[in-house]
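Trainee: Quick one: the structure is below, questions incoming.
The values are calculated or read from the model by the stated rules, or taken from the named source; none is laboratory data. If you're wondering where the values come from, they're calculated on a predicted model, not measured in any experiment. Using ideal geometry, Cβ is built from the backbone for each residue, glycine included, and neighbour counts are taken over all protein chains shown. Only protein heavy atoms, including side chains, enter the accessible area calculation; ligands, DNA and RNA are left aside. Shrake-Rupley method; radii C 1.70, N 1.55, O 1.52, S 1.80 Å.
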Amino acid sequence: MEVSSQYAAWSVRSLFNQRLGRWFFCLVAIAFTLSIPVITIALSVLEPFSDTWRHLASTVLSSYITHSLLLMLGVAIGTFTLGVSCAWFTCMYDFPGRKVLEWALLLPMAMPAYIIAYAYTGALDFAGPIQTAIRDTFNVDYGDYWFPEIRSLGGAVVMFSLVLYPYVYLIVRAAFMSQSHAILEVSRSLGNGPWRTFYAVALPAARPAIVAGMTLALMETLADYGTVQYFGVSTFTTGIFRTWFGLGDLTAAAQLSSFLLFFVVLLIVIERISRKKMQFHHLGQKRSYQRPTLTGSARWLCFTVCVLPLLFGFILPAIQLFLWVLETWQTSFDAAFFTLVQHSISLAAVAAILCVLLAVIVCFSARLAGNNRIALFFLRVSTLGYAVPGTVIAVGVLIPLAALDNGIDSWLRSNTTFVAGLLFSGTLFAVIVAYIVRFLSVSVQSIEAGFSQIHTSIDDSARTLGRKPLGVLLKVHLPMLKTSLIAAGLLVFVDVMKELPTTLILRPFNFNTLAVRAYELASDERLADAATPAIAIVLTGLIPVFLLFRTMRGASKSH
Amino acid sequence: MQLSLNNISLSYGQTRIVDGFNLHLEAGQIGCFLGPSGCGKTTIQRAIAGFHPLESGEITLAGRSVSTQQYTLAPEKRKVGMVFQDFALFPHLSVQKNIAFGLKHLPKAQASQRVDELLDLIDLSAHKKKYPHQLSGGQQQRVALARAIAPRPDILLLDEPFSSLDSTLRESLAKQVRLLLKRYNMTAILVTHDQHEAFAFADKVGVIQNGELLQWDTPYNLYHKPLNMAVAKFVGDGVLLDAKALNNHSINTPLGVVEHRSVLSQGQTLKVLIRPDDIVFDEASTQKYTIVDRLFRGSEYLYHLTLPSGTVIPCVTASHVNFAIGEQLSVTTDLKHLIVFADTA
Amino acid sequence: MIKPRSMTAFLMASVWLASLASSFSVQAQTNNVSALSGEVNVYSARKEALIKPLLDDFTAQTGVKVNLVTGKGDALLTRLTSEGKNTPADVLITTDVGRLERAKAAGVLQAVNNQDLNQSIPATYRDEAGFWYGLSLRSRVIVFNPKKVQKNQLSTYADLADPKWKRQICIRSSSNIYNQSLVSSMIAHDGLAQTEAWINGLVANFARPPRGGDRDQIKAVAAGQCNIAVVNSYYLGAMLNSSNAKEQAAAKKVTLFWPNQGESERGTHMNISGAGITQYAKNKDSALALVQFLSNDKAQQWYGEQNNEYPVRNNITPSQTLKAWGDFKADSLPVDKLAKYNTDAVKAMDRAGWK
């Protein structure tokens, strides 16, 4: 009893001592503000469960759950296989095309899942050119031959794996690069072959990175609506929309979202438990590693393994999009198109800067608090929005923001002569708030990983040399975190470029983005017309992907 | 008094690791916390630096109270310098800028003058534009030291600063650093588990075990006048042998009867500390014991001899005294300064 | 202490962010507090491409500027509801009657009961009290592969549940509103039990699990994956008029069939796109003018020409494509009934395993 009260006194003191109070307050304030949308949704659980639930439970709920789980399992396997194998080969061996593949393997990241789905369906569908050619050549009909059905659960797994594996590749490659090659050499000297060395030594050592990358990929998968809806795969997310739009029961839809949220929290917890072990920092110097040049069939095997994800994840769909653009570009390119590009880029840039800024504040505050449980709890809370479907986030932003606006307005009306109307609702402010709620996690992941590479003795030195926490952050951490900051900003930038549902619901009058335009055309089943904005999203997304790789390579050279 | 720890208690999580610890250090004195890992020495040092709050007690530094139960002055306001085991150099700053990091309160000219002076002193002027990863371990260590003393802290704390260096470098570096600190009349505390390092470096060494200060003394006294058996066992080589007081001035030990000028009561059971240098090789002696083990140390040989009672005692000889295991070694015992403890067990 | 230089940078960044934020709120004010009737604000579930040209026309004729946000019907409705009395929206346009009825039930529309509108738009396609008005009609028809199916084999929607069509029918997901409204109309006419039996029969006749949109169903018929599909007629029209040669070719391989045309039959199922004026419209006059404009002769013709939809009004000359499909009998069921049974329809389809 006495011991535990002492402990409580100790932890509270350590939280508020040493001007940490201010930072801790920041952390709590940010976490609270950003979790309002999620809480708004989660509170729906408190409302009575309507008749809709009995209906869902007796009919479709089990299929929503099984499909979501199968989808996640498939994407986990797919992103793991593609991401880890490419990371390992490009990191450890030299083979033809390695230098190009190193960065080109990131390209599928710029490809939104729904767009790659459109492209593949166009090509591989029963009515598409490939199957038509098969039928014409062999004079066969429907049912006479087997062809994989692209619009299926399996197809969705392939689509997600192809565009999401770069998350795993990016993070795991960085881990492999920073791994001490000494441990690999030790393994070889103990009589383990290269294969055993890979799965018994290198893989477990990179485990936190693998899990981190896969968590990102899986959260994106859970949040997706466009792809699964287009493929007719009924998942949790499509179920939420069906319940809302079809059954007209927003409360039940919100309750479903809360359960999705529970899934997500579970995922995060698993990821955290794994990440906790990544507490090793690299002391001393690392010898530079000379990649062995592969010869014979091994090099072509490596080349093939690494070129396939790029081919299917980027090159082929990009060619399909490009062919469509050739058909329709006269009607798609106009002044309005460049306004769309400008809107998309400026929104993405502002959101990226703000996400990085907030991520730095929350990560640093948690670090100041010694990453204790309370601080980490608030850190997690602030990033909950990532796996929640954009539409749900949008509703979560819409309702409290409108309530705030109406509250301010009626207060002003009754106390002053000023009429405020809606100050935030229906403005870009609302859109950006929603982006931050949804994507802060992306920047936090990157920046937190960066912070964990900085040993706490660095902070302690700076403090004893007379710097306040802010000074430590500005003079020591930020310069050391440069790579992580840029990576975080770029990841958010790409995500916002691709973002659709939140923008659609919250945007102000007369404001469109590339993603909105692509979606409107595609949902009107005008895929070819959607190709121009789609390829613009992809091309704009390429810039940060390229920069990301350059900073990544720069970082590995200078350290 | 430059540093006073008055009855401080520290906890880590729910575990109390230091309870009622007292220590005082004069200005210009170099102290050392010596103890096995996990004994609490690093935590005490972190409390002095302001990274760890106090459960109770008080820390005063250069006359001001810096930590109490209610209050912990921020580390940056304490004027404490610190050198870490991993040096914690800022990888994004050059050697020069690392050293200048704590000098932002000084005018530019003065700061750069002080940096140059320190660079000269640590003999790294030629490397001032280099980045930490371009330096060797010993060079990094010197930069870390220069960085810590550049702001002229009231006290310098060194946390195992030599442990990541080659053992051949350690003692010589410890001595060099000591000279440097003395030159600046710096008050310092070294934390280490290596007694050779402690002896080479410190004016006063505190042996800490389980959060308790067993003895706070000069290296000579720690070795030759340990206050208790725990210190005796931890510092230096040696064995404790059972003995018995014959009368108030002589003790019966397994090595014979020894005169001793402390107050003894007849029949009291005792422990006596035998150091390897208490047993001296003497070819002429008739006192012979069987060698059970030997260790060649280059400049000397350490033999382990077995007494008729079965007790094993150490003996150091010159390195040319070469006997095989199983042979007899003739020795005389030099037990004039025998260390005696009452056997409380 | 922060160095002056970084302090300046920080300040500049803050100022920049603040000015960004204030530019948002300035924008908000011009959008929200437009007391001038020189503007009208529209929330539209019709895609921008399918409404913007008409709105531009309206601006050109009246000088009233139209501000537009497009989105999914229910999302716009949620936005409208949560914005409450301060909503900037004056007009809500949707692509089916269900959303208009939901809006009415949520109390975000007002009863206009405008004489001109009441006269020009038939009662079947408008709300009794004038909460909303239909603007265009969307017919759900059968398309078939004439090489595999004879026209005289086809008759009604109900007939599609006949086992003779086993593995021959393509239709999209039951999440789609037009399938929901088709089933609602069956419930309205035949009751839930009979409709449920029909759904079970229909699902048993599926050639493949539902996926893709209506164009995909048409393409699947053209390619031979199935012989019959149920689609909205304007998708076939869009494909026939497509600039893409393959789409055109596919569309030409199928034939349109108007279901339920027999003497005793009720006619082909129709849904509407429509508009209502919001409860808290700040620019009510302009809003009304816009709704009237959207139902005038020229606009009514435009829906046909641009999107192959049918006008809600009888006296409009249909487009070439529509003419080629011939006259047909439309279901005279008041469309608000579709909204009434929508939930029942979705649940019935869930139970039958119609994905």
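Trainee: Mind pulling the per residue volume of the convex hull built on the Cα atoms of the range A:372-437? Å³ is fine. Before the final figure, lay out each step's value.
Mentor: Numbers: hull volume 6.5 nm³, N = 66.
So the per-residue Cα hull volume is 99 Å³.
Trainee: Could you give me the percent of Cα pairs per 10 Å distance bin for the range C:223-316, shortest bin first, beginning at zero and ending with the bin that holds the maximum distance?
Mentor: It works out to 13, 31, 31, 17, 7, 1, in whole percents.
Trainee: Still on this structure: Tell me the total accessible area that C and A bury against each other, 1.4 angstrom probe, in square angstrom rounded to 100.
Mentor: Values: alone 16600 and 26400 Å², together 37010 Å².
Protein heavy atoms only, the C-A interface buries about 6000 Å².
Trainee: Separate question: With N set to the number of residues, divide the alpha-carbon radius of gyration of the range C:269-355 by 2.2 N^0.38 Å and report two decimals. Walk me through the intermediate numbers first.
Mentor: Values: Rg = 17.0 Å, N = 87, 2.2 N^0.38 = 12.0 Å.
The value comes to 1.41.
Trainee: So with the 1.4 Å probe, I'd like the accessible area per residue for chain C, rounded to whole Å².
Mentor: Per-residue value: 38 Å².
Trainee: Can you tell me the Rg and Dmax of the range C:98-222, counting just the alpha carbons, in angstroms?
Mentor: 18.0, 51
Trainee: Using Cα centres only, tell me the gap between the range B:128-179 and the range C:55-124 in whole Å.
Mentor: Answer, in whole Å: 75.
Trainee: With angles folded into 0 to 90 degrees, how steeply does helix C:284-294 sit against the dominant principal axis of chain C? Use alpha carbons for both and round to 10.
Mentor: 30 degrees
Trainee: Something else now. Please report, in debye to the nearest 20, how large the charge dipole of the range B:108-239 is about its Cα centre when each Lys and Arg carries +1 at its beta carbon and each Asp and Glu carries -1 there. Don't skip to the end; give the middle numbers.
Mentor: Numbers: 16 positive and 15 negative charges, 110 e Å.
Dipole size: approximately 520 debye.
Trainee: Of all the accessible heavy-atom surface of the protein assembly as shown, with the other protein chains kept in place and a 1.4 Å probe, what percent is carbon and sulfur? Could you put the intermediate results ahead of the total?
Mentor: Values: 29820 of 50850 Å².
Carbon and sulfur atoms account for 59 percent of the accessible area of the protein assembly as shown.
Trainee: Now for a separate question. For chain C, set up a Gaussian network in which alpha carbons nearer than 10 Å are linked by springs, and say which option among C:Gln180, C:Gln115, C:Gln292 fluctuates the most.
Mentor: Among C:Gln180, C:Gln115, C:Gln292, the largest mean-square fluctuation in the Gaussian network model of chain C belongs to C:Gln115.
Trainee: Using the Cα centre of the protein assembly as shown as origin and beta-carbon charges of +1 (Lys, Arg) and -1 (Asp, Glu), tell me which of A:Phe377, A:Leu162, C:Gly267 is placed farthest towards the positive end of the dipole.
Mentor: Highest projection toward the positive end goes to A:Leu162.
Trainee: Quick one: Karplus J couplings for the range B:100-117, per residue in order, coefficients 6.51, -1.76, 1.60, θ = phi - 60°, nearest Hz, x for Gly and Pro?
Mentor: Calculated HN-Hα couplings, in order: 7, 4, x, 10, 5, 7, 8, x, 3, 4, 5, 4, 5, 5, 5, 4, 4, 4 Hz.
Trainee: Just the accessible area per residue of the range B:239-342, please: how many Å² with a 1.4 Å probe? Let's see the in-between values first.
Mentor: Values: 5520 Å² over 104 residues.
Per-residue accessible area for the range B:239-342 comes out at 53 Å².
Trainee: Given Cβ point charges of +1 (Lys, Arg) and -1 (Asp, Glu) and nothing else, what value in debye, to the nearest 20, does the dipole of the range B:96-149 about its Cα centre take?
Mentor: Details: 9 positive and 4 negative charges, 54 e Å.
Value, rounded to 20: 260 debye.
Trainee: Looking at the range B:132-147, which residues lose a minimum of 40 Å² of accessible area between their chain alone and all protein chains in place, measuring with a 1.4 Å probe and not counting ligands or nucleic acids?
Mentor: Residues shielded by partner chains are B:His133.
Trainee: Anything over 31 Å Cα to Cα? Flag those among C:Lys147/C:Lys329; C:Lys252/C:Lys298; C:Lys323/C:Lys347; B:Lys41/B:Lys79; C:Lys284/C:Lys340; C:Lys148/C:Lys355, in the order listed.
Mentor: Details: C:Lys147/C:Lys329 26 Å; C:Lys252/C:Lys298 29 Å; C:Lys323/C:Lys347 37 Å; B:Lys41/B:Lys79 20 Å; C:Lys284/C:Lys340 28 Å; C:Lys148/C:Lys355 26 Å.
Exceeds cut-off: C:Lys323/C:Lys347.
Trainee: Hey, another quick one. In chain B, which longest range has no GluC sites (Glu not before Pro) that are both DSSP loop (not H, G, I, E or B) and surrounded by at most 14 other Cβ atoms within 10 Å? Spell out each step's value before the answer.
Mentor: Values: sites that count: B:Glu26, B:Glu283, B:Glu327.
Counting at most 14 other Cβ atoms within 10 Å as exposed, the longest clean stretch of chain B is B:27-282.
Trainee: Here is a follow-up. When the expected Rg is taken as 2.2 N^0.38 Å, what fraction or multiple of it is the alpha-carbon Rg of chain B?
Mentor: Details: Rg = 24.1 Å, N = 345, 2.2 N^0.38 = 20.3 Å.
So the Cα radius of gyration is 1.19 times the expected 2.2 N^0.38 Å.
Trainee: Per-residue Cβ counts within 10 Å, from other chains only, averaged over C:41-49: what number is that?
Mentor: On the way: counts 3, 2, 2, 0, 0, 2, 7, 8, 6.
For peptide C:41-49, the averaged partner shielding equals 3.
Trainee: Additional query: Quick check on packing: order A:48-57, C:203-212 by the mean number of other C-beta atoms within 10 Å, highest mean leading. Intermediate values should be presented prior to the final figure.
Mentor: Working: A:48-57: 15.0, C:203-212: 19.8.
In decreasing order of mean packing, A:48-57, C:203-212 become C:203-212, A:48-57.
Trainee: With every protein chain present, what accessible area does A:Ile134 have (1.4 Å probe, heavy atoms only), rounded to the nearest 10 Å²?
Mentor: 40 Å²
Trainee: Rank these by accessible area, largest first, 1.4 Å probe: A:Phe80, A:Phe231. Don't jump to the answer; show the numbers that get you there.
Mentor: Values: A:Phe80 75, A:Phe231 0 Å².
The most accessible residue leads, giving A:Phe80, A:Phe231.
Trainee: Oh, and also: What is the mean projected area of the alpha carbon convex hull for the range B:239-342, to one decimal in square nanometres? Please list the in-between numbers first.
Mentor: Details: hull surface 25.5 nm².
Reported value for the Cα convex hull: 6.4 nm².
Trainee: If you count only protein heavy atoms with a 1.4 Å probe, what accessible area per residue comes out for the range B:25-139, rounded to a whole Å²? Please report the intermediate quantities before stating the final value.
Mentor: Details: 4530 Å² over 115 residues.
About 39 Å² of surface per residue is accessible.
Trainee: Kindly state, as a whole number, the per residue volume in cubic angstrom of the convex hull around the alpha carbon atoms of the range A:345-388. Write down the numbers at each step before the final one.
Mentor: On the way: hull volume 2.5 nm³, N = 44.
Enclosed volume per residue, from the Cα hull, is 57 Å³.
Trainee: Only Cα pairs within less than 10 Å get springs; with that Gaussian network setup on chain B, which residue of B:Val207, B:Val80, B:Val312 has the largest fluctuation?
Mentor: B:Val312
Trainee: Could you pull the accessible area for C:Val112 with a 1.4 Å probe, rounded to 10 Å²?
Mentor: That residue has around 30 Å² of solvent-accessible surface.
Trainee: Let me ask another. The range B:96-149: Rg/Rh from Cα coordinates, Kirkwood Rh?
Mentor: 0.94
Trainee: If you wrap the protein assembly as shown's Cα atoms in a convex hull and average its projection over all directions, what's the area in nm²? Each step should come with its number before you reach the end.
Mentor: On the way: hull surface 247.4 nm².
Mean orientational projected area (the protein assembly as shown, Cα hull): 61.9 nm².
Trainee: Taking each residue of A:414-424 in turn, how many C-beta atoms of other protein chains fall within 10 Å of its C-beta, and what is the average? Don't skip to the end; give the middle numbers.
Mentor: Values: counts 0, 0, 0, 0, 0, 5, 6, 12, 11, 6, 4.
Per residue, the number of nearby Cβ atoms from other chains is 4 on average.
Trainee: So, one more: Largest first and to the nearest Å, give the Cα extent of the range B:4-48 along each principal axis.
Mentor: 36, 22, 14
Trainee: For chain A, which DSSP H helices look membrane-span-like by this rule: Cα extent along the axis of 27 Å or more and mean Kyte-Doolittle of at least 0.0? Write down the numbers at each step before the final one.
Mentor: On the way: long enough: A:20-42 (32 Å, 1.93); A:61-92 (46 Å, 1.43); A:153-178 (37 Å, 1.66); A:250-275 (36 Å, 1.68); A:335-368 (50 Å, 2.08); A:390-415 (37 Å, 0.85); A:428-452 (34 Å, 1.58); A:527-558 (45 Å, 1.10).
Result, helices passing both filters: A:20-42, A:61-92, A:153-178, A:250-275, A:335-368, A:390-415, A:428-452, A:527-558.
Trainee: Something else about it: In terms of solvent-accessible area of protein heavy atoms at a 1.4 angstrom probe, what is the ranking of C:Glu128, A:Glu499, C:Glu101, highest value first? Walk me through the numbers before you get to the answer.
Mentor: On the way: C:Glu128 175, A:Glu499 10, C:Glu101 40 Å².
Ranked list, largest accessible area first: C:Glu128, C:Glu101, A:Glu499.
Trainee: So, one more: With all protein chains present, calculate the accessible area of A:Tyr225 using a 1.4 Å probe and round the result to the nearest 10 Å².
Mentor: A:Tyr225 exposes around 50 Å² with every protein chain in place.
Trainee: Turning to a different aspect of this structure: For the range A:428-559, what is Rg from Cα atoms divided by 2.2 N^0.38 Å, rounded to two decimals? Can you show the working numbers first?
Mentor: Details: Rg = 19.3 Å, N = 132, 2.2 N^0.38 = 14.1 Å.
The reported ratio for this selection is 1.37.
Trainee: Over the Cα atoms of chain A, Rg to Rh with Kirkwood Rh, two decimal places? The partial results should precede the final answer.
Mentor: Details: Rg = 24.9 Å, Rh = 25.3 Å.
Checking Rg against Rh, the ratio lands at 0.98.
Trainee: Averaged over peptide A:466-474, how many Cβ atoms belonging to another chain are found within 10 Å of each residue's Cβ? Before the final figure, lay out each step's value.
Mentor: Values: counts 16, 7, 6, 3, 2, 5, 2, 0, 5.
Across the residues of A:466-474, the mean count of other-chain Cβ atoms within 10 Å is 5.
Trainee: Connecting C-alpha atoms closer than 10 Å in a GNM of chain B, tell me which of B:Pro226, B:Pro91, B:Pro153 has the biggest fluctuation.
Mentor: Greatest mean-square fluctuation among the candidates belongs to B:Pro91.
Trainee: Counting each pair of different Cα atoms once, what's the Kirkwood radius of the range C:181-254 in Å, rounded to one decimal? Can you show the working numbers first?
Mentor: Values: mean 1/r = 0.0732 Å⁻¹.
Evaluated on the range C:181-254, it is 13.7 Å.
Trainee: Right, something else. Which values, in whole Å and largest first, are the semi-axes of the equivalent ellipsoid of the range C:52-155 obtained as the square root of 5 times each eigenvalue of the Cα gyration tensor? Can you show the working numbers first?
Mentor: Numbers: eigenvalues 214, 64, 58 Å².
Here the semi-axes work out to 33, 18, 17 Å.
Trainee: Give me the net charge of B:Leu169's neighbourhood, meaning all other residues with Cβ under 15 Å from the Cβ of B:Leu169; Lys, Arg count +1, Asp, Glu -1.
Mentor: Numbers: positive: B:Arg142, B:Arg170, B:Lys175, B:Arg178; negative: B:Asp123, B:Glu160, B:Asp166, B:Glu171, B:Asp194, B:Glu197.
Result for the neighbourhood of B:Leu169: -2.
Trainee: A:Arg291: net charge of surrounding residues, Cβ under 9 Å, Lys/Arg +1, Asp/Glu -1, itself excluded? Kindly include the intermediate steps, with their values, before the conclusion.
Mentor: Numbers: positive: A:Arg98; negative: A:Asp94.
Counting the neighbours of A:Arg291, the net charge comes to 0.
Trainee: How many square angstrom of accessible surface are buried between B and A, both sides summed, with a 1.4 Å probe and rounding to 100?
Mentor: In total, chains B and A hide about 3000 Å² from solvent.
Trainee: Here's a follow-up. Sorted by packing (mean other beta-carbon atoms within 10 Å per residue), highest first, where do B:60-73, C:71-84 land? Write down the numbers at each step before the final one.
Mentor: Numbers: B:60-73: 16.6, C:71-84: 22.4.
Those peptides, ordered most packed to least, come out C:71-84, B:60-73.
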